[in-house]
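Structure first, commentary second.
The values are calculated or read from the model by the stated rules, or taken from the named source; none is laboratory data. No experiment lies behind these values; they were computed from the predicted model shown. Here Cβ is always computed from backbone atoms with ideal geometry, including for glycine, and neighbour counts include all displayed protein chains. Remember, those area values only see protein heavy atoms, side chains included, never the ligands or the DNA or RNA. Shrake-Rupley method; radii C 1.70, N 1.55, O 1.52, S 1.80 Å.
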Amino acid sequence: MPDGAATTGKEQWLDILERAAGGYLAGARDPRQSRSRQRQLDLLEAATRVFARDGIVKSKMADIAAEAGISVSSIYDYYPSKEDLAYEIPIRRLALFYTEFLEKAPRLRTMRERLHLFLCMAVDYARRNPDWARLLYLEIWPSVLIEEARVRRALDDFGRIVVSMLREGSRRGEWDAKLDPYQTATILMGSITHMISTWLLYRRPENLSKATKPLVDQLLRLVSKPGEAKGLST
């Protein structure tokens, strides 16, 4: 299928993305009053700083309350436990990331361009939100014990978006039709996750923004058709 050609119905990658950008508020406590909603957001920001500094296990509700400038009992008006509070942070932040990508992706013509943008934006989003990134990439994402449905969905949607873009690119003929989307997504996601984690732990590379594009260019050579990879970049 030619680049930019119309498709019948909504493409799967876009459908998943729109749902993810819509958030994961089903089952969440979402205050109706603007004052309470702002107080909740301030609490989440304070908790992000504490969790990033001390880790989820060592963090105390009293420390979070002090950071937020509220009483400990006020936290329980929003979240029944420290774990619920910790999980709410990646859920909401990931929804905002998906929203940012959704605003830009439809303007691009090819799936290669969209996949390139998605991977680059994921790294840059971590750079811009380092406390949140420490919580997500160093604690929550590596955990195999996540049972909270909204957290699991928010994380799984990241992979589903990558897999669906790879499938759509194959369908359009942008890369090899025999490409294994799951294996390739694992390589792509694993590479950028490693880059983000190394930066969070050791501040290497020093200039994360500068290092991102060459890495993503190299990664996307994996999905190129034979003979197309040499000198190819987005």
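Would you tally the net charge around THR212, using a Cβ to Cβ cut-off of less than 12 Å, leaving THR212 out, and scoring K and R as +1, D and E as -1? It works out to a net charge of +1.
Could you work out the Rg to Rh ratio of the range 91-140, with Rh taken as the Kirkwood radius (inverse of the mean 1/r over all Cα pairs)? Working shown, then result.
On the way: Rg = 11.8 Å, Rh = 11.5 Å.
Rg/Rh: 1.02.
Stretched out fully, how many nm does the piece from ASP77 to LYS225 gain, at 0.36 nm a residue minus the Cα gap? Intermediate results must be reported in sequence, preceding the final value.
Numbers: separation 148, 0.36 × 148 = 53.28 nm, distance 5.48 nm.
So the extension gain works out to 47.8 nm.
Here the peptides 73-80, 90-97 are ranked by packing, the mean other Cβ count within 10 Å, and the order with the highest first is 90-97, 73-80.
Could you give the alpha-carbon Rg of the range 30-95 over 2.2 N^0.38 Å, rounded to two decimals? Each step should come with its number before you reach the end.
Numbers: Rg = 10.9 Å, N = 66, 2.2 N^0.38 = 10.8 Å.
For the range 30-95, the normalised Cα radius of gyration comes out at 1.01.
Between the Cα long axis of helix 34-54 and the first principal axis of the chain there is an angle of about 80°, rounded to the nearest 10. Among the GluC sites (Glu not before Pro) found in the range 144-223, those both in a DSSP coil and sparsely packed, with 15 or fewer other Cβ atoms within 10 Å of their Cβ, are GLU147, GLU206. Taking the convex hull of the alpha carbon positions in the range 15-131 and averaging its projected area over all directions gives 8.2 nm².
So what is the calculated 222 nm ellipticity per residue for the chain, using -39500 (n - 2.57) for each DSSP H run with n of 4 or more, over all residues, to the nearest 500 deg cm²/dmol? Present the calculation step by step, with values, prior to reporting the outcome.
On the way: 10 runs with 149 residues, N = 234.
Calculated mean residue ellipticity at 222 nm is -21000 deg cm²/dmol.
With respect to the chain, whose longest principal axis is taken over its alpha-carbon atoms, helix 111-128 is tilted by about 30°.
Here the range 53-162 has 51 percent of its accessible surface on carbon and sulfur atoms, given a 1.4 Å probe and all protein chains in place. Comparing GLN218, TYR98, LEU200 along the charge dipole axis of the chain, the residue lying farthest to the positive side is GLN218, per the Cβ-charge model.
In terms of its C-alpha gyration tensor, the range 113-234 comes out oblate, because a/c is 1.5 or above while a/b does not outweigh b/c. Based on the Cβ-Cβ distance of GLU100 and GLU147, what FRET efficiency does E = 1/(1 + (r/R0)^6) give at R0 = 22 Å, to the nearest 0.05? Between GLU100 and GLU147 the formula returns 0.20.
Counting other Cβ atoms within 10 Å, which trypsin sites (Lys or Arg not before Pro) in the range 94-141 have at most 12 and lie in a DSSP loop?
Details: sites: LYS104, ARG107, ARG109, ARG112, ARG114, ARG127, ARG128, ARG134; in loops: ARG109.
The qualifying sites are ARG109.
Measuring against 19 Å, Cα to Cα, the residue pairs LYS10/LYS225; LYS178/LYS225; LYS10/LYS104 contain LYS10/LYS225 as the ones spanning a longer distance. If you average the C-alpha positions of the range 35-90 and of the range 92-151 separately, how far apart do those two centres end up, in angstrom? With the range 35-90 and the range 92-151 each reduced to a Cα centre, they are spaced 22 Å.
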